[in-house]
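Notes for the one structure printed next.
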Amino acid sequence: GELNKRIDELKEMILRESPREFNPDSPKQLAGVLFNAVDDLVEPGLGLKVIKRRKTGPSTDIEVLEKLAGDPEVETVVPKLIVEYRQLRKLVNTYLVSLKECIYEKTGRVHASFNQTVAATGRLSSSDPNLQNIPIRTEVGRRIRKAFVAEDGCQLITADYSQIELRILAHLSGDKALIEAFRSGEDIHRTVAAQVYGVEPGEVTREQRSSARSDERRVG
């Protein structure tokens, strides 16, 4: 209910800041509003610079929108509002609605399947519902995760390899700094984040650690 209320508020703000009425859920209409010329007599837009093109026209994917939202030369708040609008819509439609539909009526709980031979990495994947991609970096995502509670007399546990990719990388590369970090029992992701952001390990935020961890995986 809270998210739907915020989505409605964002939609009103988007339309108020736009040069004309349009459907924010339509990529084609959004592209027209963002990139059409201000003085277009038929479908006026905000006249923003096109960042990326596809066969169907200017792209309005999340990468484009985040670049526009972070560009100090872009004065309109529409890209920033669209980013939040899309994020919340995805949370509601992909997670909240689908999770509710997956509740098994006999137990009142969700029962996901874990697959061993689906992911190319060899890791377990989850389906019906997928419980592995629920966001954790945002406050809204963390609130959604709090909805998962164990049945009376049971516990939820987390089991994971301890930085397995980086341990293999340290072994194969012989990197002294990595090897020493593991031998001394450091939080390797926090150590990397501290080096990347130029801060002390104790000053690394949750977001900085998560960002460094994502970069490590891409490098791996």
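The values are calculated or read from the model by the stated rules, or taken from the named source; none is laboratory data. Here the structure is a predicted model, which means the values were calculated and not measured. With ideal geometry, Cβ positions are generated from the backbone for all residues, glycine too; neighbour counts draw on all protein chains shown. The area values use the complete protein model at the heavy-atom level, side chains included, leaving out ligands, DNA and RNA. Shrake-Rupley method; radii C 1.70, N 1.55, O 1.52, S 1.80 Å.
Things to note:
- Counting all C-alpha pairs of the chain, share separated by more than 23 Å (%): 64 percent
- Overall dimensions of region 1-106 as given by Cα atoms, namely Rg and Dmax in Å: 15.8, 60
- Evaluated over region 33-142, the count of Lys pairs having alpha-carbon atoms less than 29 Å apart is 14 (only pairs 8 or more residues apart or interchain).
- Relative contact order %, region 97-159, counting alpha carbon pairs below 8 Å whose residues are six or more apart: 19 percent
- Cα long-axis angle, helix 78-90 against the chain (0 to 90 degrees, to the nearest 10): 50 degrees
- Hydrodynamic estimate: the Kirkwood radius of region 69-151 over Cα pairs, inserted into Stokes-Einstein at 25 °C and 0.890 mPa s, corresponds to D of 161 µm²/s.
- Heavy-atom accessible area per residue - region 1-94, 1.4 Å, Å²: 64 Å²
- The mean accessible area for residues of region 164-209, using a 1.4 Å probe and ignoring ligands and nucleic acids, is 70 Å² per residue.
- Backbone N within region 134-154 under 15 Å of label point (7 Å from Glu207 Cα along the Cβ vector): 136-142
- The chain - percent of accessible surface contributed by carbon and sulfur, probe 1.4 Å: 50 percent
- Two-decimal log10 I(q)/I(0) for region 25-64, as the Debye equation yields it once each C-alpha is a single scatterer, q = 0.18, 0.20, 0.31, 0.33 Å⁻¹: -0.44, -0.54, -1.10, -1.17
- Segment Val199-Arg183, extension gain: residue separation times 0.36 nm, minus the distance between their alpha carbons: 3.6 nm
- The chain: relative contact order as a whole-number percent, Cα under 8 Å and 6+ apart: 9 percent
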